[in-house]
Amino acid sequence: KLVFQNRVMFPVKDSCGRIVHYTGRSLDPQAELRWFHSTGTPPINNYLYGLHNIESFKTDYVVITEGVTDCCALREINIPAVACFGINSPLAHHSYSLKHVTHLIAIFDRDKYPLGTDMAGEYKSWGPITPHLIDLAVATKIPVFCYMVPNWPNVKDINDFLKEIDFDLREFKRHLANDAVTLHEFAFNLYKSDPKKHEYLWRLNQAVPNSDSLIKIKQYVEGHYQDWSSYILDLL
């Protein structure tokens, strides 16, 4: 179709390897619509790009990225990666396809909403995707780690970061080992000032117990409430 003209096309496959959607990246960097997805049922955001052949990597982990090009860039250095189609993509229903791994690593863009907007200073990607990551952790019962690419000039996503380190696999893994945090810690930092969202923290700890996270929640409650009863009332 004309809407896919002047675009690099990527086929999206289901768990059986059948093509179910297409997505296209504009070759024009100034294009108003950089990505265009095909429509259908179920919608494209129900899939993860590259998930159909993830077991071929024979690793005990999988990286979940924000976009197709992030996934492709990581696969260039032999990192087992898949990609979401949007930051509001449901993830829990992929738990069966990820049954062979012992942990997951989430890497999403670090750009924030600009000053002067309602959500100024908040991360555009991590805010919406974190509840879905928690749902996935609850469904799989395996640890999820979150990695924020370095706050370097001109680096906001994994593509920028890999270019800066010349696609060096060892350098990438070194940064990952030093700076990745548990989803528990990431979610606590995201939600600690909003008790109405603490349900996410408790659900996550019930599915994937983490003593450090429970200690932090306990310290928060004891520092902000008279007793646990008043905290529980605030959750309702």
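List of remarks:
- Each Cα pair under 8 Å and six or more residues apart adds its separation to the average, and for the chain the resulting relative contact order is 13 percent.
- Placing unit charges on the Cβ atoms of the charged side chains and taking the dipole of the range 28-109 about its Cα centre, the candidate lying farthest along the positive direction among 44, 95, 30 is 95.
- Taking label points 7 Å from Cα along the Cα-to-Cβ direction, residue 18 and residue 229 give a separation of 5.8 nm.
- Dipole magnitude of the chain about its Cα centre (Cβ charges: Lys, Arg +1; Asp, Glu -1), debye to nearest 20: 580
- Given R0 = 41 Å, the distance between the Cβ atoms of residue 214 and residue 35 translates into a calculated FRET efficiency of 0.55.
- Normalised by 2.2 N^0.38 Å, with N the number of residues, the alpha-carbon radius of gyration of the range 77-208 equals 1.08.
- Overall shape: oblate for the range 1-79, with the ratio a/c of the largest to smallest alpha carbon gyration tensor axis at 1.5 or above and b/c at least equal to a/b.
- Residue 207/residue 8 FRET efficiency (R0 45 Å; Cβ-Cβ; nearest 0.05): 0.75
- Candidates per trypsin sites (Lys or Arg not before Pro) in the range 61-121, loop by DSSP, up to 10 other Cβ within 10 Å: 99
- For the residue pairs 196/216; 112/196; 163/192; 99/156, the alpha carbons lie more than 28 Å apart in 163/192; 99/156.
- Between helix 211-224 and the chain: long-axis angle, C-alpha atoms, 0 to 90°, nearest 10: 50
- Eligible aspartates and glutamates near residue 141 by straight Cα distance, threshold 20 Å, same-chain separation 8 or greater: 55, 60, 185, 199, 212
- For the range 65-161, the solvent-accessible area with a 1.4 angstrom probe is 41 square angstrom per residue.
- Given charges at Cβ of Lys, Arg, Asp, Glu: the range 91-221 dipole, positive-most of 113, 176, 145: 145
- Stretch gain in nm, segment residue 53-residue 175, where the contour uses 0.36 nm per residue and the Cα spacing is subtracted: 41.3 nm
- The share of accessible area on the range 1-155 that comes from carbon and sulfur is 53 percent, using a 1.4 angstrom probe.
- Calculated from the alpha-carbon coordinates, the range 1-144 shows an Rg and a Dmax of 15.7, 47 Å respectively.
- Ranked packing of 118-131, 209-222, most packed first, by mean Cβ within 10 Å: 118-131, 209-222
- Across every direction, the projection of the convex hull enclosing the Cα atoms of the range 136-203 has a mean area of 5.8 nm².
- About the centre of its Cα atoms, the range 127-215 shows a dipole size close to 280 debye [charges on the beta carbon of Lys, Arg (+1) and Asp, Glu (-1) only; nearest 20 debye].
The values are calculated or read from the model by the stated rules, or taken from the named source; none is laboratory data. Since this is a predicted model, take the numbers as computed values, not measurements. Using ideal geometry, Cβ is built from the backbone for each residue, glycine included, and neighbour counts are taken over all protein chains shown. Heads up: the accessible areas ignore ligands, DNA and RNA and are worked out on the full protein's heavy atoms, side chains in. Shrake-Rupley method; radii C 1.70, N 1.55, O 1.52, S 1.80 Å.
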